[in-house]
Structure formats: structure tokens, C-alpha cells
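S.K.: Could you have a look at this structure, given as C-alpha cells, before my questions?
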């Protein structure tokens with residue numbers, strides 16, 4: 001063990017990366033290392049990368065330059081998706097001491113201890129050889145934790161490099177996942193978000209076999225029984241894997257929040273087929289309708305990609321009009337970017353960058369209208385809010401069970417507490433204003 005050695009961690013990307021980054025930090029601390037803030041001087045700087053967009057790659061390179069300006073003697077270690085996809089490219093970046101692939105990032109303490117000036121920079125395995133490691137969770141924020149229950153993906157959508165970076169779909173057993181969930185329950189967090197690459201595919205072993213009687217529906221039923229966790233959320237789940245059983249269970253559960261994030265990617269069946277998605281828009285519409293039938297107050301978030309190769313103006317307007325008609329609550333809009341080793345990059349039907357940006361802006365405006373309409377539906381209603389700990393210039397934020405973001409004056413006594421509030425107005429910046437139930441305090 002290298003006692004008193006300091007490390008700092010910076011995580012890019014998704015909730016899954018944050019849960020894994022927290023597991024990496026705990027591993028290093030358990031091996032005698034001291035964690036410091038990324039802005040401080042450290043012996044080792046770890047960048048946990050994403051590679052969903054080209055900007056994530058550029059961000060990684062920018063961070064390396066920042067580190068070397070303030071701590072020229074520090075060792076920079078790159079892990080995560082970018083490290084698996086382009087290890088040799090990263091190893092050539094001046095100042096990078098070590099690149100760990102998907103299978104090695106959780107053995108980081110061992111690799112640091114073996115690191116010398118002459119040792120190999122790149123330690124990586126073929127993606128077909130990766131294992132699940134174990135369910136992991138983020139820890140450090142008092143309010144919520146991200147619990148990784150699944151990794152990898154078998155879908156190979158034509159725009160996506162994640163199967164190349166993370167490997168095949170796999171997960172631990174329900175019993176082992178429950179063990180980790182009970183660890184999370186001891187941390188004092190009020191809310192846990194289930195995360196993974198394709199969590200609806202939960203239940204597959206590392207060799208691709210399906211476990212008997214183990215799927216996401218069975219998992220959420222068991223998680224619902226865990227004591228000392230007040231709230232559960234299901235993160236992004238594919239529409240073809242969001243079953244009516246899951247929707248029905250959430251509708252009756254007191255712990256699973258009425259909030260779904262369901263990727264659409266396109267409202268054009270032609271483009272969905274070109275993307276190799278596993279559904280048509282009619283199935284997507286039926287899922288939204290079932291959610292709203294059973295849980296009228298549910299929040300529904302949607303991922304959508306604009307500018308995919310071959311997307312004509314007519315295709316885009318199909319998407320726009322389809323989403324406009326859906327009873328959804330907000331959008332995450334992504335501009336298509338070319339990724340090496342994907343089938344989509346082979347297309348000659350390239351949408352100009354400026355046109356991609358125009359379509360992105362149109363959907364972002366639509367998203368704000370959808371969010372405003374959803375918030376407006378809940379004016380003059382009572383909901384329960386989990387308040388976060390951050391003091392933002394005298395104000396604090398929180399989320400209702402159905403993911404309405406509220407704002408009120410900072411009160412330390414409210415941090416990490418769940419309170420009944422009355423939503424009485426809409427505020428600038430995408431917030432709702434509140435009055436506390438049975439109190440004279442007003443936001």
C-alpha cells in the first residue's frame with residue numbers, strides 16, 4: 001500500500017460512469033490512498049472517460065493539459081470507455097502514464113503500485129473478455145446514489161460504440177445486487193437510481209445466458225422491500241424492454257418513483273430501422289400511453305438524436321410532430337456525431353452540421369415547452385420533495401417524486417429530507433416555486 005499518496009478523480013459522462021468512479025475511489029482509499037479534490041495537487045490524477053460524443057474525447061485531452069500545468073510531476077491515469085476504444089491514441093498524449101481498459105479499471109490500485117517509468121502504458125483486454133466485476137454504487141453525495149445493476153449491450157445500434165467499449169450485456173445475480181443495495185441503505189441516502197448501459201436487459205450472465213426467473217421486473221420487486229431507502233428511480237430503459245409488468249408495479253409502489261426515461265432516438269420508422277433500433281414508433285407510443293393510463297402524473301423523459309445519416313427534412317419533421325403529439329415531459333437532444341467503427345459512419349447521406357444544429361435547437365425549444373406544460377399541470381397540487389444539500393447563492397433545490405425541480409430559500413434543516421410541498425408557481429430557469437404544507441414559509 002502507498003499510504004499518504006494522494007489521488008484525484010474526474011468523471012465524464014453518464015450516471016453509470018459516476019457509480020463506477022465512486023467504486024474506483026473506494027478501492028484506492030481501501031488501499032491506503034487519500035482522495036483530494038481534482039482542483040488540488042495530487043500524486044495521481046484519474047480521468048474516468050466517456051466516448052459517446054467527440055466532445056468527450058476532447059474534454060479528456062483538455063483535462064490532461066490542465067493537470068500538467070498545475071502538477072507537472074503527477075501521474076495521469078485514463079480509464080473508462082475512451083480508454084477501451086482508443087488506448088494507443090491516449091497513450092501518445094504527453095503526460096499520460098497509464099491507460100486501463102474496461103477489465104482493469106477496478107484493479108487500479110494494483111496497477112499503480114506496479115507502475116514504473118519503463119512499464120507498459122496500456123493495460124487492456126479484448127472487449128470480449130471483460131467481466132461484470134460487481135454491482136457498484138456512487139457515494140459522497142448525501143441525497144442520492146447511483147447503483148450499477150447491469151453493464152454492456154448486445155444491440156449494436158449503428159450510431160453507438162458502447163458495445164465496443166463495454167462489451168456484451170451482463171449483470172450480477174439478484175441476490176448479489178441486493179447485498180450491494182443493502183450497503184447503499186447504510187449510507188443514509190434517501191434515493192437510489194438504478195443504472196447500467198441497458199438495464200432492461202438485466203438477468204444475463206457473463207457468457208450471455210439468461211438466468212432463470214431473473215429479470216428487471218423481478219429485481220425491482222425485491223429492491224422495493226429494502227428498508228431505509230425511501231426512493232428508487234429507474235434510469236434510461238429501452239421501450240421494448242419496458243414491460244407492462246414494470247409499469248404496473250411502479251404505479252402501485254410507494255418507493256419506485258413515477259418517472260421514466262425512455263430513449264426514442266427518432267420518430268421516423270425509416271430512421272429507426274437504419275439505426276437498428278429494436279422497435280417502431282407505434283410500440284413507443286403504446287408505452288407512453290400505458291404509463292399515462294396507469295400513472296397520469298408520471299414524468300417521461302425522452303432521448304432523441306438529430307442529423308443521423310439519411311435523415312431528410314421530412315424524416316425530421318416526422319420526429320418533431322410525433323414528439324409534439326406525445327404526452328411526454330422533457331427531451332435530451334443529441335446532435336449526431338460520427339464515431340469510428342460504427343456502421344453509420346459508412347453512409348454517404350451526411351446531414352450538414354449547420355442543419356443538425358438547427359434541428360437540435362428546434363427540439364430543445366420543444367423540450368422547454370413540454371417541460372413547462374408538465375409543470376403547469378401540477379400547479380396548485382401537493383407533492384413530496386427530496387431536498388438537496390447544495391447552497392446556490394442562498395437557494396436550494398429538490399425534486400418531486402415525479403421529477404419536477406423546485407427551488408426555495410436555503411435551510412440546512414431541509415437537506416436530505418423529504419417534505420410535502422404545495423406547488424404554487426413557475427419560476428424562471430425551469431423551476432417550480434413552492435409553499436411548505438402546514439407552514440407559513442414561502443419560497
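S.K.: For the chain, set up a Gaussian network in which alpha carbons nearer than 10 Å are linked by springs, and say which option among 116, 11, 408 fluctuates the most.
M.R.: 116
S.K.: Then there's this: Between residue 427 and residue 390, what length in nm is gained on full extension when 0.36 nm per residue of separation is reduced by their alpha carbon distance?
M.R.: Contour length minus Cα-Cα distance gives 11.4 nm.
S.K.: Taking R0 as 22 Å, what FRET efficiency do you get between residue 93 and residue 40 from their Cβ-Cβ distance, rounded to the nearest 0.05?
M.R.: With R0 = 22 Å, the Cβ-Cβ based efficiency is 0.50.
S.K.: Compute a Gaussian network model of the chain, connecting alpha carbons closer than 10 Å, and tell me which residue from 26, 69, 383 fluctuates the most.
M.R.: 69
S.K.: Could you tell me what fraction of 2.2 N^0.38 Å the Cα radius of gyration of segment 129-257 comes to, as a two-decimal ratio?
M.R.: 1.02
S.K.: Just to verify a number: FRET efficiency for residue 410 and residue 377, C-beta to C-beta distance, R0 = 30 Å, to 0.05?
M.R.: My answer for the efficiency is 0.60.
S.K.: Right, here's the next one. Which residue, 23, 185, 325, has the most motion in a Gaussian network model of the chain that connects Cα atoms within less than 10 Å?
M.R.: It is 325.
S.K.: Need the full-extension length gain, residue 417 to residue 341, defined as separation in residues times 0.36 nm minus the C-alpha distance. One decimal, nm.
M.R.: Gain on extension, residue 417 to residue 341, equals 22.7 nm.
S.K.: With r as the distance between the Cβ atoms of residue 355 and residue 73 and R0 = 45 Å, compute the FRET efficiency 1/(1 + (r/R0)^6) and round to 0.05.
M.R.: Working: r = 47 Å, r/R0 = 1.05.
Efficiency for this residue pair is about 0.45.
S.K.: Stick to the Cα atoms of segment 260-376, pair each with every other, and give me the Kirkwood hydrodynamic radius in Å at one decimal. Mind showing how you got there, number by number?
M.R.: Values: mean 1/r = 0.0683 Å⁻¹.
Radius from the Kirkwood sum: 14.6 Å.
S.K.: Mind checking the full-extension length gain between residue 183 and residue 31? Use 0.36 nm per residue of separation minus the Cα-Cα distance, one decimal, nm.
M.R.: 52.8 nm
All of the numbers you see were taken from the coordinates with simple rules; none came from a lab. In this text the structure is predicted, and so the values were computed from the model without any measurement. No Cβ is skipped: glycine too gets one built from the backbone with ideal geometry, and neighbour counts run over all protein chains shown.
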